[in-house]
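Right, one structure below, let's go through it.
The values are calculated or read from the model by the stated rules, or taken from the named source; none is laboratory data. Just so it is clear, the structure is predicted and the values come from calculations on it, not from any experiment. Please note: Cβ atoms are built from the backbone with ideal geometry, for glycine as well, and neighbour counts cover all protein chains shown. Just the protein is used for accessible areas: all its heavy atoms, side chains included, with ligands, DNA and RNA removed. Shrake-Rupley method; radii C 1.70, N 1.55, O 1.52, S 1.80 Å.
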Amino acid sequence: MNNFTTKFNLILNAEGLTPTKFSRIAGITQVAASDYKINRSTPSASNLFKIIQAFPCYTCYIFDLDPKNLPNQIIFKD
């Protein structure tokens, strides 16, 4: 499993979301969210931007940034 898929699945679990619900919130297609969940693809820059806008508290986690740089970040231990 790739790094994004692992992170995506942890976010789904933490938020209690299915790929369908996630896709509605983030404004991406249901197919894309399902593909990310099962490691069929990774997000385009456009979809990644939509995900970060919908779930800003995971920005540092998704990009492997220091959480001290942005407020209110959620970080998981992989």
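Taking the Cα centre of the chain as origin, sum charge times position over the Cβ atoms of Lys and Arg (+1) and Asp and Glu (-1), and report the length of that vector in debye to the nearest 20.
180
Of all the C-alpha pairs in the chain, what % are more than 22 Å from each other?
For the chain, the fraction of Cα-Cα distances above 22 Å is 14 percent.
Carbon and sulfur atoms: what percent of the 1.4 Å accessible area of the chain do they account for?
Taking all protein chains in place, the chain shows 55 percent carbon and sulfur surface.
Rolling a 1.4 angstrom probe over the protein heavy atoms, how many square angstrom per residue are accessible across the chain?
61
For a quick check of your reading of the filter: which trypsin sites (Lys or Arg not before Pro) in the range 11-78 sit in a DSSP loop and have no more than 16 other Cβ atoms within 10 Å?
Arg40, Lys77
Could you identify which residue out of Ser46, Ser34, Ser23 has the top mean-square fluctuation in a GNM of the chain using Cα springs shorter than 10 Å?
Most flexible of the set in this elastic network: Ser46.
Run the numbers on the chain and let me know its relative contact order in percent, using alpha-carbon pairs under 8 Å that are six or more apart.
Reported as a whole number, the value is 26 percent.
Tell me the volume per residue, in Å³, of the convex hull enclosing the alpha carbons of the range 38-78.
Here the figure is 86 Å³ per residue.
What's the tally of Lys pairs in the chain whose alpha-carbon atoms lie under 22 angstrom apart, where the two lysines are 8 or more places apart or on different chains?
Lysine pairs meeting both conditions in the chain amount to 10.
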